[in-house]
Amino acid sequence: MTQINKLKIFNDPIYGFISIPNALIYDLIQHPYFQRLRRISQMGLSYLVYPGANHTRFHHALGCMHLMQKAVDVLRFKGISISDEEENALYIAILLHDIGHGPFSHAMERSIVEDVHHEEISLLFMNELNVKFNGQLDLAIQVFKGEYHRLFMLQLISSQLDMDRMDYLKRDSFYSGVAEGNVNSERLIQMMNVENDVLVIEEKGIYSVEEFLMSRRLMYWQAYLHKTSLVAELILTKILKRARELTLKGTVLPCSDALLFFLQNKITLEAFDAATLELFSRLDDFDIISALKAWQYHADFILSSLSKMIINRDLLKIKLTNEKVPSEDLQPLKERFAAENKISLHDTDYFIFKGKIKNQAYSKEAEPIRILKKDRTVEDVIESSDQLNLKSLSKAVTKYYICFPKQLV
């Protein structure tokens, strides 16, 4: 039997050629669980704002692995010992870090798989793949869970300056056209080092860190928290909640078997067994879009109206404000909308609601970004920076929003 060449390369529009380092990584990429990421949008419904933002979690995962390869090369060059087994664990952990995302990334977590975070589902997938691959993911899982004694390895996967953030900022900036997010990941990686098994950035890289944090802040306001992306995701969350409400009352909605299962059952982490995971692995953006295309013609006013909004990009109006919106401000809008559309006041909550968003580029509560000074001392980037704006970047900025139908303006 002919041996398949598994040392393939991908042509990536951002980094050029991305190479697959070994046969195990190739087999993981080929697995249906991973191939599913081709059908999960990286930026959710942001393509309704930025038409180019149609890239997927599959792109992103490969990009993260590529950056991890660069980081391993740089650290080894600087004399940090990383064994072949540790290197492989880093590649597997970063490759699979987002494998637990549901359709349109975050909307599922807020509606039908409410109490289970995507990272917990990623871990369930990793454990399942570990069984299929005879324990070859043991170390990767240990690193991903933060149980491995070398802390810097977890920091490369999940921290305030990890391969995940470096890739998604650069990639999302590229595909959306929001140039402000374009971080210099190559320079940041070149400035990395390890001191006492902790990831540090050499002092001469401090301006690159400042630029990275500023890019992150701007990408949140201009892309991830863009008011149109935000309202579209909120509407999708409401649609899934309404679909679940109707399903639990006995209404039969046209949708895929996998989506129907999650509409009919409240799934907790404890209930997420192998059969549930298998059904979850069948869910992707196409299930949701197909359902919305059918539901826009449903007899239920709420479900059909909200589904049409996403399909035709005719969304609710959203207003952002720096002040909290009093609940009584919504009451006249609700009463008018209920009367005009002959629905109950309770049901107007699907169309008229408020909430808040928060943007914090750097958290002082989380693991800090550490700067390695020339005298080998290590300090938090906030202390090292001579820029006052870094202190302001660590302050959370909260904005409040109100959503309502355009006809109520």
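The values are calculated or read from the model by the stated rules, or taken from the named source; none is laboratory data. If you're wondering where the values come from, they're calculated on a predicted model, not measured in any experiment. All Cβ positions, glycine included, derive from the backbone under ideal geometry; neighbour counts span all protein chains shown. For accessibility, only protein heavy atoms count, side chains too; no ligands or nucleic acids. Shrake-Rupley method; radii C 1.70, N 1.55, O 1.52, S 1.80 Å.
Could you please give the count of residues in the range 11-55 that are among the basic types (Lys, Arg) and either modelled with pLDDT under 95 or surrounded by 17 or more Cβ atoms within 10 Å (Cβ to Cβ) (or both)? Give the derivation first.
Taking the range 11-55 as the starting set, the residues that turn out to be among the basic types (Lys, Arg) are 36, 38-39.
Next, from what is left, pick out any that are either modelled with pLDDT under 95 or surrounded by 17 or more Cβ atoms within 10 Å (Cβ to Cβ) (or both): 36.
Qualifying residue count, the range 11-55: 1.
Only residues that are open to solvent by 30 Å² or more (accessible area, probe 1.4 Å) and free of Cβ contacts under 8 Å to residues at least 40 places away in the same chain were counted in the range 367-386, giving 6. Assessment of the range 282-290 against the conditions (touching a strand residue (DSSP E or B) at 6+ places or on another chain (Cβ under 7 Å), open to solvent by 40 Å² or more (accessible area, probe 1.4 Å) and touching a residue at least 12 places away in the same chain (Cβ under 8 Å)) yields no matching residue.
Between 163, 153, which is crowded, with 18+ Cβ neighbours inside 10 Å, of a type outside the set (D, E, K, R) and within 18 Å of residue 60 (Cβ to Cβ)? Break it down into steps so the answer makes sense when it comes.
On the way: 153 fails: within 18 Å of residue 60 (Cβ to Cβ).
Answer to the selection: 163.
Take the conditions (1) touching a residue at least 24 places away in the same chain (Cβ under 8 Å); (2) touching a strand residue (DSSP E or B) at 6+ places or on another chain (Cβ under 9 Å); (3) farther than 30 Å from residue 259 by Cβ; (4) open to solvent by 50 Å² or more (accessible area, probe 1.4 Å); residue 336 misses just one of them, which is (2).
The set of residues from the range 365-381 being of a type in the set (Ser, Thr, Tyr) and under 15 Å from residue 192 (Cβ atoms) is empty.
You will find that of 324, 364, the residue that is charged (D, E, K, R), open to solvent by 50 Å² or more (accessible area, probe 1.4 Å), farther than 21 Å from residue 183 by Cα and modelled with pLDDT of 90 or more is 324 and no other. The residue pairs whose first member lies in the range 31-44 and is more than 17 Å from residue 63 (Cβ to Cβ) and in contact (Cβ under 8 Å) with a residue 40 or more places away in the chain, whose second member is assigned to a loop (DSSP other than H, G, I, E, B) and of a type in the set (Gly, Ala, Ser), and whose beta carbons are closer than 8 Å, counting only pairs six or more residues apart or on different chains, are 32/281; 33/281; 36/281; 44/107.
Going by the conditions given, is residue 84 among the charged types (D, E, K, R) and open to solvent by 60 Å² or more (accessible area, probe 1.4 Å)? Steps first, answer last, please.
Numbers: among the charged types (D, E, K, R): yes; open to solvent by 60 Å² or more (accessible area, probe 1.4 Å): yes.
For residue 84, the condition - among the charged types (D, E, K, R) and open to solvent by 60 Å² or more (accessible area, probe 1.4 Å) - is met.
Each row is one residue, and each column tells you yes or no for (1) outside any helix (DSSP H, G or I); (2) of a type in the set (Phe, Trp, Tyr); (3) in contact with a Lys or Arg (Cβ under 7 Å, 6 or more places away or on another chain); (4) more than 24 Å from residue 141 (Cα to Cα).
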site: 34; (1), (2), (3), (4): no, yes, no, no
site: 59; (1), (2), (3), (4): no, no, yes, no
site: 63; (1), (2), (3), (4): no, no, yes, no
site: 69; (1), (2), (3), (4): no, no, no, no
site: 72; (1), (2), (3), (4): no, no, no, no
site: 76; (1), (2), (3), (4): no, no, no, no
site: 88; (1), (2), (3), (4): no, no, no, no
site: 93; (1), (2), (3), (4): no, no, no, no
site: 97; (1), (2), (3), (4): yes, no, no, no
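Criterion first (at pLDDT below 95 and open to solvent by less than 40 Å² (accessible area, probe 1.4 Å)) does residue 172 satisfy it? So residue 172 fails the test. All of 129, 90, 62 fail the test of being closer than 24 Å to residue 12 by Cβ and under 17 Å from the mean Cα position of the chain (by Cα), apart from 62. Have a look at 58, 104 and point out the one that is modelled with pLDDT under 95 and crowded, with 19+ Cβ neighbours inside 10 Å. None of the other options fit; the residue is 104.
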